[in-house]
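The values are calculated or read from the model by the stated rules, or taken from the named source; none is laboratory data. Nothing here was measured: the structure is a model prediction, and the numbers come from that model. Virtual Cβ from ideal backbone geometry, glycine too; neighbours counted across all protein chains shown. Heavy atoms of the whole protein, side chains included, go into the accessibility calculation; ligands, DNA and RNA do not. Shrake-Rupley method; radii C 1.70, N 1.55, O 1.52, S 1.80 Å.
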Amino acid sequence: MIDSWTRFHVLCALLQGPQYPYRIARDVAAATGGRVVLEAGNLHRRLQQLLADGLIAEARAPETGADRRRRYYAITRQGRDALREETDRMHEAVRTARSALAAGSRR
Amino acid sequence: MSAPAGTAPASVRAARRLYRAATILLPRAFIAIHAAGLQAFFDEAVLEAHAAGGPRRVVRRTADALIDLIGTAGRLRGERVRELTVAARLLPREARAAARGLRRARAFAGGLLVTLVLGVGVGTALFAVVHAALLAPLPVADEDRLVDVVVHPDATAAAMPASYPEYREWRDASRTLGALAAYGRTNRTATGLDAPVRVAAALVTANFFDTLGVPMDQGRAFRPEEEPAGADDVVILSHEFRVRHYPAGGSVIGRTLRLGDRPYTIVGVLPDGFRFDLQPAEVFLPLGLTLVDLERRDSRWLGVVGRLADGTPGAEAARAELQAIAEAGNPVTVGSAAGGAPGPRVAVRRLRDAIVGGFAPVLWLLGGAALLVAGTAAASIGTLAVTRAIGRRRELAIRAALGASQSALVAAVAIEFVLLGLAGAALAAVAGAWTAQVAVHLLPDAIASRATWLAGGVPAGRLMLFALALATAACLPAVAVAARDLRRAGATGALRTGAPVGTGRRPIRGVLVAAQIALALVLLVGTGLVTRSLVRLRHVDPGFAPDRLLALGVSLPVQGYPDADAVARLYRELTARVAALPGVERAATIDEMPFTRDDGQVEVTAEAAMSGVEPVMALIRSASPGYFEAIGLAVTGGRTLEATDTAERPAVAVITDSLARRLFPDGRAVGRRLSLTRSKGRFEIVGVVGDVRMGELDREMRPAFYTSSLQDPSRSVQLVVRTGVPADRLTGDVRRVLAALDPDVPVYGVRTFAQARDATRGVTTRRLVLFPLMLFGGLATAIAVVGLYALMSQAVAERTPELGLRLALGASRGGVRRLVLRQGLVAAAAGVGAGLLLAALATRALGGVLYGVPALDPVSFLAAAAALIVLALGAAASPAARASRLDPIRSLRD
């Protein structure tokens, strides 16, 4: 279950490959046009939850020589499935809302 | 991307430090995982901010980050609280499940309960006794303000009671004390009841009960005008005396009680539970002082108890004041007479310390011993817990596979201990309270009287709370060990695959069993040391031959025996008739028998003393002719007391060797004179005898001298009889003899000299220590041996395939037996080794209890070690035999 926008955006950001928290935060900010700004504490809390739910996993660091304190996270199969499900659900919701709005404007 | 810390701008460095400090807001579990990640994140962010907008941007970025940190901390802790709430809601279900599980694991549940009841019960019993003796309030009002006052006559002398003039000066002049009362002890014979009885009486000032803050149950306290002799024919009864002798109930106020030769009017009855001091008085009388008594400074017999005035900070202020008053009132002191040495020293202590102070170290010592037992129990529970965790391996693995979190698994293990711990604590509290009740009867009288005085005892809630705390302390390490193992194995690791859990477990169990053996050894060594001290002490040479000696108390009333002659005549007659009884070898009288007290000394000096000979504090005893012969005391010079030393002849004295040495360094005592420095007493020394233990066995023998009972008779004496006749029969015979002389005189307090010796404080204190120490040592040893047996049985069961394989491959049965025995012996030897080291440190605590035995006494240490090794071999023998009888085929197939 993806019950918050932060989790949704974090998972989206990880679709491009394993990433470390600061980059995740930047990617999310870029993807949302600066509307979702993730600070360190909040992001780590969310990552912890996603890990516990099995939607992401810790990944091996791809580059060498970078800050060794960085941990990389990757989306899991389960994470992709959950994201797909959530996207479908949202899509369904958007469709329902659109058609309702369209019907309302015709009246 | 992040620059090394050293080259970063100052603002960035400061921001980093601030951020790192702020991370302590987060829960520890979260920090443990994410500290580095958070810091890395922030470092990168703040560097970027600096690059984009300098320090100003850094400040804004840092502020945002800190606000985020605070919010996150709040949210994380909120989640934790929610988790706990969910767990609490699951608790009843879990508890029911655990109860069901325990019903299947009876051996574990039973073992844990028994261990808890033993280990915690002992501690709780001791707590009950310590509570009664040390912690419970005295039966007086506001006891913290009450103080006890004693005097040391010179710098080195033991504390003594005060004289009446001293008391009066303190009372009248003191401003630090709001009230000051005095009391003395005596005995009276109550007649007119069913039979004459000897009662312990206290003589008290009129303000005594007021000072203590004790209200009367019936009637009133004494009035000041009842203090002088002649007006003092009023009595206050203790609750116990009233109940025993006036069982009919109703008021006894105004009734008459005959004490000795006088009628007393009962004016008051004390409330139930009031006892004062260690030897409770049954009746209380006014001081009844004559004009002479009022001025006698050399008569020290008054205990003094005061209540600090409102503004007085503590006992020390009172001490300084009373000291000043004592010096002003009594300028001529021993010290100044002897040339400048300090005079009397006043000591003021809290009343509680004065009463129970002497026993406190002993009881704390026992508390330490009880803790050792609890420690043994804790180690034993630890092994049980590990064994139980192994038994539940499969179940826990299934739960883990089904998605139970680690904390849920730990909770499932812990809840069993919570259930058993609660049950064990409740049982232990009951068992402890019961043991304490029994133990009170086994304690020396001095302590037991106090314990029953506080028989209301420990509030049940407090006892339960203590048992619970002790049970928790005993179970906690076990749960911690089990939880650690679970965590180490991990929900995804060994548990899930069903592989043997934590290979490190058997060593842990071995260590725990060794720890039990070590603790048991400490207690056994202590038991050995105290036993040997007691044996040594009881075999101290008292200076005479105490076997076959009996003492009977006799006390003559003033009525019928108005003067010294009458008293001397009756005792002479009594002694002669008793000596003629069949089976009696000798009979004599003495005013205070040996082993009873060695305080109350008088100052004596040699007449025409040689230069350099100072006055000596000596004990004075009034003995009848034949006394030294009766107790078998060696005469080292001159003669003993004789029937011809009558009142008409010059006063004579027989002195002890130590007094002779001190007063007459030239060695010629016989024929010279001895005088009391504070009164007119002068005696001609006719003989020198050996020293005798008048009081404690473990103290130096005090110099003493004996006067003749014909010249200086005492109304109350001990009739000393050397005889092979049993005490009961002789008492009957003596009663008949005495009744023929005077039917109104009671015989009381019959005891053998050996009994008197065993009633000295030195012996009773050590007995008091020894009894529980033996009990604790036995318990701890039992727990340890059972623990070792369980460990070995378990080990054999777990190693069955391996042992079977060995047998199949040709190992001899004896070899297998030795293999198992050796394993047991290793654990035992490790425990004994550790225990010996521990005991070497711990026996120091015994300090004052030891007598004639060094704290590192090799006999005690080796005996305890040998006993435990033998017991350990015994415990391992049966599992070893089982291992050697294994059927190789079957054990391999299974």
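Just a few scattered comments:
- Any hit, region B:73-90, residues being more than 43 Å from the chain's Cα centre (by Cα), surrounded by 16 or more Cβ atoms within 10 Å (Cβ to Cβ), more than 15 Å from A:R45 (Cβ to Cβ) and in contact (Cβ under 8 Å) with a residue 24 or more places away in the chain: no
- Strands (runs of 3 or more DSSP E) contained entirely in region B:242-324, each with at least 3 residues that are aliphatic (A, V, I, L, M) and free of Cβ contacts under 8 Å to residues at least 60 places away in the same chain: B:262-269
- Candidates B:L805, B:L730, B:L770: the one that is at pLDDT 85 or above, open to solvent by less than 10 Å² (accessible area, probe 1.4 Å) and in contact with a Leu (Cβ under 9 Å, 6 or more places away or on another chain) is B:L730.
- Pick from region B:44-66, criterion within 11 Å of chain A (Cβ to nearest Cβ) and charged (D, E, K, R), ranking: surrounded by the fewest Cβ atoms within 10 Å (Cβ to Cβ): B:D64
- Scope region A:14-29; condition over 20 Å from B:A36 (Cβ atoms) and facing another protein chain (nearest Cβ under 9 Å); matching residues: none
- Yes/no for A:E85 being charged (D, E, K, R) and exposed (fewer than 15 other Cβ atoms within 10 Å of the Cβ): yes
- Exactly one residue out of B:A8, B:A99 is open to solvent by less than 90 Å² (accessible area, probe 1.4 Å), more than 14 Å from chain A (Cβ to nearest Cβ) and at pLDDT below 85: that is B:A99.
- Annotation note: Cβ proximity below 8 Å between a residue of region B:676-695 that is over 24 Å from B:P594 (Cα atoms) and of a type in the set (S, T, Y) and a residue that is open to solvent by 10 Å² or more (accessible area, probe 1.4 Å) and in a loop (DSSP other than H, G, I, E, B) (sequence gap 6+ or interchain) occurs for B:T677/B:P615; B:S679/B:D298.
- Filtered by the rule that a residue be part of a strand (DSSP E or B) and open to solvent by 10 Å² or more (accessible area, probe 1.4 Å), region B:704-716 gives a lone residue, B:S716.
Table: residues versus (1) under 20 Å from B:S714 (Cα atoms); (2) over 44 Å from the mean Cα position of the chain (by Cα).
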position: B:V540; (1), (2): no, no
position: B:A545; (1), (2): no, no
position: B:G553; (1), (2): yes, no
position: B:P557; (1), (2): yes, no
position: B:A564; (1), (2): yes, yes
position: B:A580; (1), (2): no, yes
position: B:E585; (1), (2): no, no
position: B:D598; (1), (2): yes, no
position: B:V613; (1), (2): no, no
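- A:H44 vs. criteria of a type outside the set (V, I, T), under 29 Å from B:D64 (Cβ atoms) and modelled with pLDDT of 90 or more: yes
- Only one of the numbered conditions (1) without any contact (Cβ under 8 Å) to a residue 40 or more places away in the chain; (2) more than 8 Å from chain A (Cβ to nearest Cβ) is not met by B:F41, and that is (2).
- When each of B:A428, B:A436, B:A489, B:A404 is tested for being at pLDDT 70 or above, of a type outside the set (V, I, T), open to solvent by less than 60 Å² (accessible area, probe 1.4 Å) and closer than 25 Å to B:T383 by Cβ, the lone residue that passes is B:A428.
- Output for region B:504-545, where each listed residue is part of a loop (DSSP other than H, G, I, E, B) and not small (G, A, S): B:H539, B:V540, B:D541, B:P542, B:F544
- Scanning region B:236-268 for residues that are more than 35 Å from the chain's Cα centre (by Cα), open to solvent by less than 20 Å² (accessible area, probe 1.4 Å) and β-branched (V, I, T) yields B:V252, B:I266, B:V267.
- Test: residue in region B:802-824 that is under 30 Å from B:G121 (Cα atoms) and part of a helix (DSSP H, G or I): yes
- Restricting region B:327-354 to residues that are surrounded by 20 or more Cβ atoms within 10 Å (Cβ to Cβ) and assigned to a helix (DSSP H, G or I), the residue that is modelled with the highest pLDDT: B:L351
- Qualifying residue in region B:20-31 (condition: away from chain A (no Cβ under 13 Å), more than 19 Å from A:R23 (Cα to Cα) and open to solvent by 30 Å² or more (accessible area, probe 1.4 Å)): yes
- Of all residues in region B:811-825, those satisfying the criterion of being over 19 Å from B:A780 (Cα atoms) and of a type in the set (A, V, I, L, M, F, W, C) are B:A811, B:V816, B:L819, B:V820, B:L821.
Yes/no matrix, rows are residues, columns are (1) crowded, with 22+ Cβ neighbours inside 10 Å; (2) in contact with a helix residue (DSSP H, G or I) (Cβ under 7 Å, 6 or more places away or on another chain); (3) part of a helix (DSSP H, G or I):
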site: B:A830; (1), (2), (3): no, yes, yes
site: B:L837; (1), (2), (3): no, no, yes
site: B:L856; (1), (2), (3): no, yes, no
site: B:A864; (1), (2), (3): yes, yes, yes
site: B:A876; (1), (2), (3): yes, yes, yes
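- Just one of the numbered conditions (1) surrounded by 10 or more Cβ atoms within 10 Å (Cβ to Cβ); (2) of a type outside the set (D, E, K, R); (3) within 14 Å of chain B (Cβ to nearest Cβ); (4) part of a loop (DSSP other than H, G, I, E, B) is not true of A:P62: (3).
- Which listed residue is under 30 Å from B:E316 (Cβ atoms), among the hydrophobic types (A, V, I, L, M, F, W, C), touching a Lys or Arg at 6+ places or on another chain (Cβ under 7 Å) and modelled with pLDDT of 90 or more, from B:A179, B:A162: B:A179
- One residue stands out among those in region B:454-472 that are closer than 16 Å to B:V120 by Cβ and under 20 Å from the mean Cα position of the chain (by Cα): the one that is modelled with the lowest pLDDT, which is B:V458.
- Test: residue in region B:554-567 that is modelled with pLDDT under 85 and aromatic (F, W, Y): yes
- Those residues of region A:33-50 which are under 19 Å from B:S405 (Cα atoms) and within 9 Å of chain B (Cβ to nearest Cβ), in sequence order: A:R45, A:L47, A:Q48, A:Q49
- For A:R95, the criteria (1) assigned to a helix (DSSP H, G or I); (2) open to solvent by 90 Å² or more (accessible area, probe 1.4 Å); (3) within 13 Å of chain B (Cβ to nearest Cβ) hold in every case but one, which is (3).
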